[in-house]
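Here is the structure we will look at, set down as structure tokens.
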Amino acid sequence: MRLRRLRKYLLTGMLLAGGGVAGFLTARTALAPPQERTLTITARKYGYDPSVLHVNRGDRVRIRLVAKDVTHGFYLEGYDLDAKARPENDTFWLRHPSAREKYHEVEQIEFVAGRTGKFRYRCSTTCGYMHPFMQGELIVSPNYLFSTSVGLSVGLVAGMLLFFRRAAVGGRS
Ligand SMILES: [Cu+2]
């Protein structure tokens, strides 16, 4: 009897661990549900607020760049994106530098955070003598935590179902 109970606990534990591992592996193949994120960044001489942005891989990121004093830029390394915002203006100028594009007017600065890591962004419009120091950082996380917790809950539910089903069967005999 004792041995049986021990086996049940062992099985539940294994299911829990299995669920966690499965969730972790799912995250590695980037199946985490993407989110829409709108980030408002205030740009003024000579900095961005906030200067560190956090998103998860796969998120659709919309940058609302608000220039407070003069025209400021937003050149994001690793994402081939360069934008400009003018004070009191609802539209932006955008270009993809690798395509040698000229700036064109857009309603939104948008991109999908498809690459994990830290990416620097900086002002790409000369806005004053401290302009080269105007920069920030985008951190794209792989979203492991979310998937691991989903996996854990699936494992937990499976373990509990099995546990109670067995308990019911055991009670009848
Ligand atoms: Cu600037």
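Residues that are farther than 14 Å from Q135 by Cα, modelled with pLDDT under 90 and among the hydrophobic types (A, V, I, L, M, F, W, C) are absent from segment 61-82. Scanning segment 58-80 for residues that are among the aliphatic types (A, V, I, L, M) and buried (at least 21 other Cβ atoms within 10 Å of the Cβ) turns up V61, I63, A67, L76.
Tell me, please, whether a residue that is in a loop (DSSP other than H, G, I, E, B), more than 16 Å from the ligand (Cβ to nearest atom) and without any contact (Cβ under 8 Å) to a residue 60 or more places away in the chain can be found in segment 141-148. Checked segment 141-148: no residue is in a loop (DSSP other than H, G, I, E, B), more than 16 Å from the ligand (Cβ to nearest atom) and without any contact (Cβ under 8 Å) to a residue 60 or more places away in the chain. Among the conditions (1) touching a residue at least 40 places away in the same chain (Cβ under 8 Å); (2) surrounded by fewer than 20 Cβ atoms within 10 Å (Cβ to Cβ); (3) in contact with a Lys or Arg (Cβ under 6 Å, 6 or more places away or on another chain), the only one that E101 does not satisfy is (1).
Out of curiosity, is G78 out of contact with any Gly (no Cβ under 6 Å at 6 or more places or on another chain), in contact (Cβ under 8 Å) with a residue 60 or more places away in the chain and either of a type in the set (S, T, N, Q) or not in a strand (DSSP E or B) (or both)?
So G78 fails the test.
Only residues that are acidic (D, E) and either within 19 Å of V61 (Cβ to Cβ) or within 14 Å of the ligand (Cβ to nearest atom) (or both) were counted in segment 84-138, giving 4. Looking at segment 10-32 only, could you name the residues that are exposed (fewer than 12 other Cβ atoms within 10 Å of the Cβ) and modelled with pLDDT of 80 or more? Within segment 10-32, L10 is the sole residue that qualifies. In summary, R165 fulfils each of the numbered conditions (1) touching a Gly at 6+ places or on another chain (Cβ under 9 Å); (2) under 30 Å from R7 (Cα atoms) with the single exception of condition (1).
If N56 meets every condition in (1) among the polar types (S, T, N, Q); (2) within 16 Å of the ligand (Cβ to nearest atom); (3) touching a residue at least 40 places away in the same chain (Cβ under 8 Å) apart from one, which number is that one? Every condition holds for N56 apart from (2).
Is segment 63-74 home to any residue that is outside any strand (DSSP E or B) and within 23 Å of the chain's Cα centre (by Cα)?
So far as segment 63-74 goes, no, none of its residues is outside any strand (DSSP E or B) and within 23 Å of the chain's Cα centre (by Cα).
In summary, F92 fulfils each of the numbered conditions (1) more than 19 Å from I139 (Cβ to Cβ); (2) at pLDDT below 95; (3) not basic (K, R) with the single exception of condition (2).
The values are calculated or read from the model by the stated rules, or taken from the named source; none is laboratory data. All of these numbers come straight from a predicted model, not from anything done at the bench. Counting neighbours? That spans all protein chains shown, and the Cβs are built from the backbone with ideal geometry, glycine included.
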